[in-house]
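The values are calculated or read from the model by the stated rules, or taken from the named source; none is laboratory data. Just so it is clear, the model here is predicted, and its values are computed rather than measured. Reconstructed Cβ throughout: ideal geometry from the backbone, glycine too, with neighbour counts over all protein chains shown. Accessible surface is based on the protein model in full, side chains and every heavy atom, while ligands, DNA and RNA are left aside. Shrake-Rupley method; radii C 1.70, N 1.55, O 1.52, S 1.80 Å.
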Amino acid sequence: MSPSLYVTNTHKINPESVAMAESCSKVLKVPFIPRNKRPLNALCPEGEEAGFLVVSKNLELSLIYKGFELFFHPSMSKVRIKALQKGQNDPMLTAMDACPGDSVLDCTLGLGSDAIVASFAVGASGRVVGLESVPVIALIVRHGLQHYRDKNEKINEAMRRIEVINADYLNYLKTLPDNSFDIVYFDPMFRKPLHKSSSMEPLRRWVNGDPLSMEAVNEAVRVATKRVVMKEGSSSGEFARLGFKNIVGGKHSPIAFGFIITGKGEKAAL
Ligand SMILES: C[S@@+](CC[C@H](N)C(=O)[O-])C[C@H]1O[C@@H](n2cnc3c(N)ncnc32)[C@H](O)[C@@H]1O
């Protein structure tokens, strides 16, 4: 079970930040507690394991939980986009066979790094939709993708184009017609966590850690005209269990991308 969630402000407030906190509390259907100069742990019943969505005076959002702060940042997508701009390959995009104009359904948006790279690759003529089942993460990341300002204008453009939907991917996939996206992507929480990936640590208590099901993969194959891609630990048995026979990466990296060619509209043969 997830910890309780409350919405509040930083110590410094203005009418806009209070209004935004009230609006977040309505969207998330959790209580708004005015800060009134109190420490966070004084805002909830003593001993309760609670997280706080905190709205700053500059209208930035962060989730604070047990001393960890989770906020939106383009993170590794910046480095990956720089490498792409220098002409280097990105293994996720290779597995996706992502081309300008493609539509990508990112079923596990998380903090949005992979979606930003995909959005950069498919460009303004493409489309990226990101699904996130945890409401507070969807809210923080949707806000960040719309408002974060990077020095690299291409990253800003890629972020702004991503559509964020708070939904469970299996439920959502079931509503989609056949062949309605070119690429469907899954990056579920790894079955065996990579301890080196510390940026995910504060998230663990809040994220949906359910394994990917065969039913969801079958739905994704029905929906994708080109490929279904899954990221996992390179030695993971999930690739074999779920029928991902083609693998990119993993030789010199703890991460690999498995893909299924759906064969309904492959633009470039392997
Ligand atoms: C490993 S993280 C994804 C990281 C992401 N690829 C990135 O670049 O930041 C997995 C995310 O998928 C979400 N998730 C897991 N199961 C889901 C489901 N059934 N529907 C929608 N989102 C889900 C989790 O809550 C978590 O935020």
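Computed quantities for the displayed model
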read-out	value
Cα-based reach from K192 at 27 Å (exclusive), listing lysines while leaving out same-chain residues under 8 positions away	K66, K78, K231, K245, K251
Area accessible to solvent at V79, 1.4 Å probe radius, in Å²	90
Computed over the stretch 76-261: relative contact order in percent, which uses C-alpha pairs under 8 Å that are six or more apart	22
Per-residue HN-Hα couplings for the stretch 93-103 [Karplus 6.51, -1.76, 1.60; θ = phi - 60°; Hz; x = Gly/Pro]	5, 5, 4, 6, 6, 6, 10, x, x, 6, 9
Theoretical ellipticity at 222 nm over the chain - DSSP helices of four or more residues, -39500 (n - 2.57) apiece, nearest 500	-9000 deg cm²/dmol
Sparse-neighbour loop sites [trypsin sites (Lys or Arg not before Pro); the stretch 218-270; at most 16 other C-beta within 10 Å; DSSP]	K245, K251, K264, K267
All lysines inside 19 Å of K174 as judged from Cα atoms, apart from same-chain residues fewer than 8 positions distant	K226, K264
Trypsin sites (Lys or Arg not before Pro) restricted to DSSP loop in the stretch 17-50 with at most 12 other C-beta within 10 Å	K29, K37
For the stretch 163-173, 3J(HN,Hα) per residue [Karplus equation, 6.51 cos²θ - 1.76 cosθ + 1.60, θ = phi - 60°, Hz, x = Gly/Pro]	9, 9, 10, 7, 7, 7, 5, 5, 4, 5, 4
More than 33 angstrom apart: percent of Cα pairs within the chain	23
Crossing angle, helix 76-85 versus the chain [Cα axis fit, 0-90 degrees, rounded to tens]	40
Rounded tilt (10° steps) of 214-223 against the dominant C-alpha axis of the chain	70
Nearest 10 degrees, 0 to 90: helix 15-28 Cα axis against the chain principal axis	60
Relative contact order of the stretch 26-171, defined on C-alpha pairs under 8 angstrom at six or more residues apart (%)	20
Cα centroid separation - the stretch 118-137 against the stretch 205-224, whole Å	16
Computed E for K251/N14 - FRET, C-beta separation, R0 45 angstrom, nearest 0.05	0.30
For the stretch 4-71: relative contact order, % (alpha-carbon pairs under 8 angstrom, 6 or more apart)	39
Per DSSP, loop GluC sites (Glu not before Pro) in the stretch 14-86 with at most 16 further Cβ within 10 Å	E46, E48, E49
Simple Cβ-charge dipole of the chain, Lys/Arg +1 and Asp/Glu -1, about Cα centre, in debye nearest 20	580
